[in-house]
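One structure is given below, encoded as structure tokens.
The values are calculated or read from the model by the stated rules, or taken from the named source; none is laboratory data. In this text the structure is predicted, and so the values were computed from the model without any measurement. FYI the Cβ positions are ideal-geometry reconstructions off the backbone, even for glycines, and counts take in every protein chain you see.
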Amino acid sequence: MPIYATTAQVAEYITGDVAGAVPANVGRMIRKASSLVSHAIRGAVYAVDAEDVPVDVKQREALAEAVSAQVAAWVDNGVDPISPGTVAQRVASKSLGGASVTYEADAYKTAYLAQLAVADSLVGDAVRILDAAGMLSTNVQARARTAVSGTAYPFDPLTGQVYYL
């Protein structure tokens with residue numbers, strides 16, 4: 001899986017300084033954010049290098065910025081996407097003589113599920129960055145194979161045009 005941002009890029013995005021303070025697990029957060037970004041752009045067609053990172057500088061910068069925005073949102077909201085942890089339960093009622101405590105189960109469950117969703121969803125800023133860079137695709141793409149080489153190329157089924165990279 002490609003990793004789209006460095007620790008320095010994330011630090012600069014969050015603090016404005018490449019040497020700025022970031023969480024100790026920022027490397028794992030970058031990998032998780034890169035995975036979410038990879039999933040979001042799975043329909044995009046672009047040239048890549050040996051590490052599956054776009055050759056085009058603008059696309060590479062957009063992916064790094066989207067990953068950085070994702071990590072920044074997690075950091076700003078205190079979400080650890082690797083280990084979302086637990087949410088404090090709220091007491092609904094208690095009694096002293098029988099020593100019983102009842103918790104608000106629905107509120108706890110809702111908060112915990114919300115935290116899990118945030119940890120596994122691409123935030124709006126990251127989506128907008130990818131969209132502005134043209135990396136999000138809702139178009140269905142077909143590929144044409146040449147008779148000579150058998151190599152697949154992007155193909156427009158409406159016009160019959162084959163796009164050679």
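Things to note:
- Residues located in the range 16-40, provided they are within 24 Å of residue 131 (Cα to Cα) and polar (S, T, N, Q): 34, 35, 38
- Residue within the range 12-20 that is modelled with pLDDT of 95 or more and over 18 Å from residue 123 (Cα atoms) present: yes
- Qualifying positions in the range 4-25 - surrounded by 19 or more Cβ atoms within 10 Å (Cβ to Cβ) and of a type in the set (A, V, I, L, M, F, W, C): 5, 10, 11, 14, 22
- Top-ranked residue in the range 48-86 [being among the β-branched types (Val, Ile, Thr) and assigned to a loop (DSSP other than H, G, I, E, B); ranked as modelled with the highest pLDDT]: 55
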